[in-house]
Amino acid sequence: MRQRFAPSPTGLLHIGHAFSAATAWRAAQAADGEFLLRIEDIDQPRCKPEFEQAIFEDLHWLGLSWPTPVMRQSERMAVYEQALDRLAAMGLCYPCRCTRKDISAALSAPQEGHEPAVGPDGLVYPGTCENRPMSEKTDTDAVRLSMRRAIDFLGGAAEVARLSYSETGSGETVQIDLSAEALIEGCGDIVLARKDIGTSYHLAVVVDDAAQEITHVTRGMDVAPATQIHRLLQALLDLPVPVYHHHRLIRDEVGKRLAKRDDARSIRSYREAGLSPAEVLALVGL
Ligand code: GLU
């Protein structure tokens, strides 16, 4: 078994991250497997070296260890570009110049007549740029995956329905099947490469889980809806499919999900307040 924890250094880790990392680490220990750390820093302007340093320190303090050097996504842009080129060569991509504002304006047009769908990345893209060829792409364009073309490439809806992944989040192993309809209606043409960073979370995470030979992905339930996209990309790029474990989210006392800006619940502040690693893990039920 190979597990990983893949934080973005955009803030201090909070106790929800402690739960996620320790859950993955313990599963790896129990199976005599490996635990890897990966720094997901594709969004360079939001990432800071001091937060990366804090990730190392806080996780070590919790008692976790991992092989070094760690994989850093900012050093792998050429690999993501290759994966993108491959999808583009398969005819599945198009350049998109729409801003968030353009997208919500297109979706609020009265003729739509129904509530716009919201997917893992927000509003489902209305397809405005769908017919633009990749040859037209400029530096100010993002690149989107045409969900319909991707499904056709894989042999159509019936073939896509045969694709599945294992989910162990409930304590039992459940097979989750993909659905072409859910992908088209509920995810839509997702961004594979943002115009500013040249890749996206979805593309990078799938490429890197394969590159690191991750067999088991442990992460929060908030990312569970994106897993159908990841499974589809694995099928398109011939990548192995890990087992997924989406765990409960750690919430504050009013039931709100913890955010990185919530410094009061950072591992560091509990540590500075004198709690032991075991006491911090006990706060999240471990
Ligand atoms: N960098 C992502 C995050 O911090 C990782 C999600 C994942 O584990 O796939 O949410």
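Just a few scattered comments:
- Listed by first and then second residue, the pairs linking a residue in segment 1-27 that is surrounded by 21 or more Cβ atoms within 10 Å (Cβ to Cβ) to a residue that is among the acidic types (Asp, Glu) and not in a loop (DSSP other than H, G, I, E, B), with Cβ atoms under 8 Å apart and 6 or more places separating them unless they lie on different chains, are 3/34; 4/209; 6/208; 9/52; 13/58; 18/58.
- None of 132, 148 is free of Cβ contacts under 8 Å to residues at least 40 places away in the same chain and either of a type in the set (A, V, I, L, M, F, W, C) or under 18 Å from residue 202 (Cα atoms) (or both) except 148.
- Where residue 189 falls short, out of the listed (1) of a type in the set (Asp, Glu); (2) under 21 Å from residue 39 (Cβ atoms); (3) surrounded by 15 or more Cβ atoms within 10 Å (Cβ to Cβ): (2)
- Apart from one condition, residue 94 fits all of (1) away from the ligand (no atom under 16 Å from the Cβ); (2) surrounded by 22 or more Cβ atoms within 10 Å (Cβ to Cβ); (3) in a loop (DSSP other than H, G, I, E, B); the exception is (3).
- Test: residue 29 is in contact with a strand residue (DSSP E or B) (Cβ under 8 Å, 6 or more places away or on another chain) and away from the ligand (no atom under 15 Å from the Cβ): yes
- Residue in segment 32-67 that is farthest from the ligand (Cβ to nearest atom), counting only those that are among the basic types (Lys, Arg) and within 19 Å of the chain's Cα centre (by Cα): 46
- Residue check for residue 259: over 30 Å from residue 138 (Cβ atoms) and buried (at least 17 other Cβ atoms within 10 Å of the Cβ): no
- Selection status of residue 27, outside any loop (DSSP other than H, G, I, E, B) and under 22 Å from the mean Cα position of the chain (by Cα): yes
So that you can scan it fast, the table gives a plain yes or no per residue for (1) outside any helix (DSSP H, G or I); (2) closer than 30 Å to residue 9 by Cβ; (3) touching an Asp or Glu at 6+ places or on another chain (Cβ under 8 Å):
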| site | (1), (2), (3) |
| --- | --- |
| 65 | yes, yes, no |
| 68 | yes, yes, no |
| 78 | no, yes, no |
| 131 | yes, no, no |
| 135 | no, no, no |
| 140 | yes, yes, no |
| 143 | yes, yes, no |
| 155 | yes, no, no |
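- Selected residue (only one of 264, 259 is modelled with pLDDT under 95, assigned to a loop (DSSP other than H, G, I, E, B) and hydrophobic (A, V, I, L, M, F, W, C)): 259
- Strands (runs of 3 or more DSSP E) lying entirely in segment 160-250 (those with 1 or more residues that are over 22 Å from residue 8 (Cβ atoms) and either within 13 Å of the ligand (Cβ to nearest atom) or among the small types (Gly, Ala, Ser) (or both)): 164-167
- Qualifying residue in segment 66-77 (condition: touching a residue at least 24 places away in the same chain (Cβ under 8 Å) and farther than 16 Å from residue 212 by Cα): no
- In the set (1) closer than 20 Å to residue 77 by Cβ; (2) among the aliphatic types (A, V, I, L, M); (3) surrounded by fewer than 17 Cβ atoms within 10 Å (Cβ to Cβ), residue 174 fails one condition alone, (1).
The values are calculated or read from the model by the stated rules, or taken from the named source; none is laboratory data. Because the structure is a prediction, the values reported are computed rather than measured. For neighbour counting, all protein chains shown are included, and Cβ atoms are generated from backbone atoms with ideal geometry for every residue, glycine included.
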